[in-house]
């Protein structure tokens, strides 16, 4: 019997295709928004959490913990100050330090950040719980003007081994001054990691110094072009400063005391952060915004559900005759009640399913752009439990909302009798 | 022989109305009988049909349907009795707009196991047989949306629906008031014949005294309804 009422509910909805489709669309959009926000949040968190691994401390000039983490690991924002080479050497030579990877940021190439570092980077930088960087082709930089590029850089710019590139001073995409007199050559392409490494161009620290010969004042000296490559190679290219240092310790248990001694270094203001601690601080900051966003998207879902209520309530008057026919052929008031609840639930279910489908289509379409622009990897987030729960919750809520028009129709069908007074 | 319908001393007042709309000493329909119930607007026809079908409950009196006490029966029981034993045709707008012609005819079988059991073979086949008997056999016509049928065709679909599964009583509430004379007479003849075929009683309600000749017995509601005084004709009736 209930199956046959469900069939009636379905045909009744099909009879009002236009308004039913609009209602389904409203529910689908609201569900897609909610799931999209949720998936972006999770994707961002997972992306951030898996970006760095195996590094005990990150040292840099004194700034906020979150800020240091953001610019050194995620290439977001700029360093406000750097640490001097002697300070780096002090770190490097400490007894309790197993390895260090100095990095130097500040230049770019067609929107991709350039990172000056040492070959130790390829050995010690780990991500996703301990994976090392692997070369798809080529190898580490060897010569002064060699560059190793991330997978995204290679695919987006179409670079391969031997491609030449000119770096830009500063981080703009275009229109800024370029280091066109010192072109680089690609000697290695890294495998995809799903981290900001994919979007980074790696060169040696010395190369960073070399391309800035003649730029000591911050802009290009007119004489800079007259300094030949041979002359540059002859200079002492030891960097004066580095932006940050990744540090691995011999004994992880000493992590806090090493941090303290870096924080209180007398030579210059310096600080060290534990990546995990800085990350959880970042979550604290962002969770306020996340919760606000989640709250807003939940309200939008509520609006979608109310549209189900609206569409059924507005149809109710026009359907009094239909109800009395059903009563006349033997439908009980409970059947009328069930018919309307079933319509609401069907609208909710189809709308929610359409929303899930929509969000996955959108993620599939926009995922690569998000990954490229913001390093948020959403492509792997296929249909999950979250989708199932959302569909169940929306259908359940629609079912309960359907109770309102169902109750009205139920009362009416008792009062109307067989003949509707229209 | 148990009467199909048996009312005694029934009085019914609509909520918030000062006076009863119906006050009957007695009214019966016997099995297989074809009764014409005549009455102008406001004479309480629709109320009487609501009472017989168990959708309305009287304030006083006894109503028996198929020998069963409707007043004492629960709402669910009255719904079951209606589904199993009655076929109802309204004045207009008889059909569920989102169901096809055949599905509309087969609709009562969804709600009554008894009537489903009375149909030999598939519900759709029986629906088509009844439609054909009532002059609707064109396959193209049966595929149309019900709102695209003419009024006369709609009323015949409604008649087929009232007859399917051999109910004991068919109630027709002004089913011909929107039809012209020829279509009207044709409709009544077909309905009477089909009802006779299944042995169903027929209670045909209309304000039109000219129809009386089609029936075995005529009851004038104005005469038996003690509440229907000429002064009260302005009351709501529908």
Condition first: facing another protein chain (nearest Cβ under 7 Å), surrounded by fewer than 24 Cβ atoms within 10 Å (Cβ to Cβ) and touching a helix residue (DSSP H, G or I) at 6+ places or on another chain (Cβ under 7 Å). Now tell me which residues in region B:76-93 satisfy that. B:93
Does region A:33-55 contain any residue that is part of a strand (DSSP E or B), in contact with a strand residue (DSSP E or B) (Cβ under 7 Å, 6 or more places away or on another chain) and in contact (Cβ under 8 Å) with a residue 24 or more places away in the chain? yes
Restricting attention to region B:105-134, report how many residues are under 22 Å from residue B:148 (Cβ atoms) and within 8 Å of chain A (Cβ to nearest Cβ). 1
In region B:135-165, what residues are under 20 Å from residue B:198 (Cα atoms), away from every other protein chain (no Cβ under 14 Å) and touching a residue at least 40 places away in the same chain (Cβ under 8 Å)? B:135
Residue match in region A:308-323 (condition: within 14 Å of chain B (Cβ to nearest Cβ), in contact with a helix residue (DSSP H, G or I) (Cβ under 6 Å, 6 or more places away or on another chain) and either crowded, with 20+ Cβ neighbours inside 10 Å or at positive phi (or both)): yes
Conditions: (1) within 14 Å of residue A:408 (Cα to Cα); (2) within 14 Å of chain B (Cβ to nearest Cβ); (3) surrounded by 18 or more Cβ atoms within 10 Å (Cβ to Cβ). Residue A:334 meets all but one. Number of the miss? (3)
Here is a list: A:19, A:12. Which entry is touching a residue at least 60 places away in the same chain (Cβ under 8 Å), outside any strand (DSSP E or B), within 14 Å of chain B (Cβ to nearest Cβ) and surrounded by fewer than 21 Cβ atoms within 10 Å (Cβ to Cβ)? A:19
Right, residue A:350: out of contact with any strand residue (DSSP E or B) (no Cβ under 6 Å at 6 or more places or on another chain), more than 14 Å from every other protein chain (Cβ to nearest Cβ) and modelled with pLDDT of 85 or more or not? yes
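Does residue A:299 satisfy the condition of being within 14 Å of chain B (Cβ to nearest Cβ) and surrounded by fewer than 23 Cβ atoms within 10 Å (Cβ to Cβ)? Step through it out loud before you land on a result.
Working: within 14 Å of chain B (Cβ to nearest Cβ): no; surrounded by fewer than 23 Cβ atoms within 10 Å (Cβ to Cβ): yes.
Considered against the rule, which asks whether it is within 14 Å of chain B (Cβ to nearest Cβ) and surrounded by fewer than 23 Cβ atoms within 10 Å (Cβ to Cβ), residue A:299 comes out as no.
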What tally of residues in region A:139-162 results from selecting those that are under 21 Å from residue A:182 (Cβ atoms) and part of a loop (DSSP other than H, G, I, E, B)? 11
Suppose we filter region B:51-68 for residues that are surrounded by fewer than 22 Cβ atoms within 10 Å (Cβ to Cβ) and either closer than 10 Å to residue B:10 by Cβ or out of contact with any strand residue (DSSP E or B) (no Cβ under 7 Å at 6 or more places or on another chain) (or both); how many remain? 8
Please go through region B:94-104 and pick out each residue that is over 19 Å from the mean Cα position of the chain (by Cα), within 7 Å of chain A (Cβ to nearest Cβ) and surrounded by 19 or more Cβ atoms within 10 Å (Cβ to Cβ). B:98, B:99
Among (1) crowded, with 23+ Cβ neighbours inside 10 Å; (2) at pLDDT below 85; (3) in contact with a strand residue (DSSP E or B) (Cβ under 8 Å, 6 or more places away or on another chain), the one test that residue B:145 misses: (1)
Within region B:10-39, the count of residues that are in contact (Cβ under 8 Å) with a residue 60 or more places away in the chain and over 19 Å from residue B:217 (Cβ atoms) comes to 8
Give me a count of the residues in region A:137-149 that are loosely packed, with under 14 Cβ neighbours inside 10 Å and over 27 Å from residue A:97 (Cβ atoms). 2
Taking residue A:393, is it assigned to a helix (DSSP H, G or I), more than 14 Å from every other protein chain (Cβ to nearest Cβ) and at pLDDT 90 or above? yes
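The values are calculated or read from the model by the stated rules, or taken from the named source; none is laboratory data. Since this is a predicted model, take the numbers as computed values, not measurements. Reconstructed Cβ throughout: ideal geometry from the backbone, glycine too, with neighbour counts over all protein chains shown.
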